[in-house]
1. Do we have any residue at all in region 260-280 that's among the aliphatic types (A, V, I, L, M) and either open to solvent by 30 Å² or more (accessible area, probe 1.4 Å) or over 22 Å from LEU338 (Cα atoms) (or both)?
2. Out of region 150-174, which residues are open to solvent by 50 Å² or more (accessible area, probe 1.4 Å), in a loop (DSSP other than H, G, I, E, B) and of a type outside the set (Lys, Arg)?
3. Out of all the residues in region 297-312, which are in contact with a helix residue (DSSP H, G or I) (Cβ under 8 Å, 6 or more places away or on another chain) and either among the aliphatic types (A, V, I, L, M) or surrounded by fewer than 17 Cβ atoms within 10 Å (Cβ to Cβ) (or both)?
4. Confirm whether PRO33 is under 23 Å from TYR146 (Cα atoms) and not in a loop (DSSP other than H, G, I, E, B).
5. Out of the strands (runs of 3 or more DSSP E) lying entirely within region 229-294, which hold 1 or more residues that are touching a helix residue (DSSP H, G or I) at 6+ places or on another chain (Cβ under 9 Å), within 22 Å of LEU25 (Cα to Cα) and not hydroxyl-bearing (Ser, Thr, Tyr)?
6. Scan region 308-334 for residues that are assigned to a helix (DSSP H, G or I), under 23 Å from the mean Cα position of the chain (by Cα) and farther than 26 Å from THR205 by Cβ and jot them down.
7. Identify all residues within region 81-108 that are open to solvent by 80 Å² or more (accessible area, probe 1.4 Å) and in contact with a helix residue (DSSP H, G or I) (Cβ under 8 Å, 6 or more places away or on another chain); write none if there are none.
8. Residues of region 313-337 being surrounded by 14 or more Cβ atoms within 10 Å (Cβ to Cβ) and more than 15 Å from ILE274 (Cβ to Cβ), which ones?
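The values are calculated or read from the model by the stated rules, or taken from the named source; none is laboratory data. Predicted, not measured: the structure shown is a model, and the values here were computed from it. Note that we place each Cβ from the backbone using ideal geometry, even for glycine, and neighbour counts take in every protein chain shown. For the accessible areas, the whole protein counts, side chains as well, though only heavy atoms, and no ligand, DNA or RNA atoms are used. Shrake-Rupley method; radii C 1.70, N 1.55, O 1.52, S 1.80 Å.
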Amino acid sequence: MSKRKHILVIRLSAMGDVAMSVPVLRAFTQQHPNIKLTVLTREFFKPFFRDLENVTVCSPDLKGKHKGFFGLYKLSKELKSLGIDQVADLHNVLRTKVLKFFFFGKTFKQIDKGRDEKKALVEGRNFEQLKTTHERYADVFRSLGYNISLSNPNFPEQAKLDLSTQEYLGKDNKNWIGIAPFAQYQSKMYPLDLLERVIAELSKTHKIILFGGGNKEIKILNTLQNKYENVINLAGKLSLNQELNVISNLDVMLCMDSGNAHIAAMLGKRVVTIWNVTHPFAGFAPFNQPKEYCLQANRSQFPLIPTSIYGNKFPENYKEASRTIAPETVIRKIESLL
């Protein structure tokens, strides 16, 4: 009997990028059920992969025994002991390039991030839809010799909430709308005064569940919770596993161009996103979402959008370009999906 093939999949960070790998791995495991996958990622992200068959998560200690060149050598030896046949590097950074050196003799394929195309997009030399990150991930597996299609995806069943979460959220017949107002950079966020108008209106007839993290964000979300009926702040209240369960039960999720959008999308939720100085053309729109779910700042008024791929570079007067998206537009889009 031939040995079952074993692929190491590397995607260490960031949260959104790791979440984007999940639909691709789900498609791969369904289309190649005899292949074993080990995902090398951070311990915190382990719950993302909980519903995938034939997938094991390995979490390195990058600040301890696996730190630096010799730490990565030790990590490579530990990984090789698992019987790795091929490596799919979905990250392609210095750390994974070092691992490639240690995996000499193994088929080691790395993602093409399309830096030249993205640079042309940001510089305004070419304004068109680029290949999505999901397809770029899939291309790595194709280069290893596996056909993979991301069309007609399947998603996990709606998760069952534990009793403590049920008690915290309460029981009613309202639609559940998740809202994640924050992003890595303020230039990727919808102005909070406009978002509050969205929350004020939607909370009249729906349950609003707020997501975030960090003391500053929690303080803002607590203020919104205390100000409006039917608004619940989950930030800092639940484990990641529990948050994933709640997101699994949402009717729709409203996010920025951020990790929460990709988490909701990997669970098969309908995701409305608001785009400020970044743009879906860069390939980071949530998985399997119609383009009309992406609400974008007015490029007639802000023609340099996207000013950067990640939202970290922008002219000062572009910082709140998404003010050109009226709260009524956001409300109508969400209501149309309920």
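1. Within region 260-280, one or more residues are among the aliphatic types (A, V, I, L, M) and either open to solvent by 30 Å² or more (accessible area, probe 1.4 Å) or over 22 Å from LEU338 (Cα atoms) (or both).
2. Listed by number, the residues that qualify are SER151, ASN152, ASN154, PHE155, GLU157, GLN158, ASP162, ASP172, ASN173.
3. Passing the criteria: ALA297, ASN298, GLN301, LEU304, ILE305, ILE309, ASN312.
4. No.
5. Numbers: elements: 231-233, 252-256, 271-275.
Output list reads 271-275.
6. Of everything in region 308-334, just one residue is assigned to a helix (DSSP H, G or I), under 23 Å from the mean Cα position of the chain (by Cα) and farther than 26 Å from THR205 by Cβ, namely ALA321.
7. Residues of region 81-108 that are open to solvent by 80 Å² or more (accessible area, probe 1.4 Å), as a first pass: 81-82, 94-95, 97, 100-101, 104, 106.
Hit for region 81-108 is ARG95, nothing else.
8. Hits for region 313-337 are LYS313, PHE314, GLU335.
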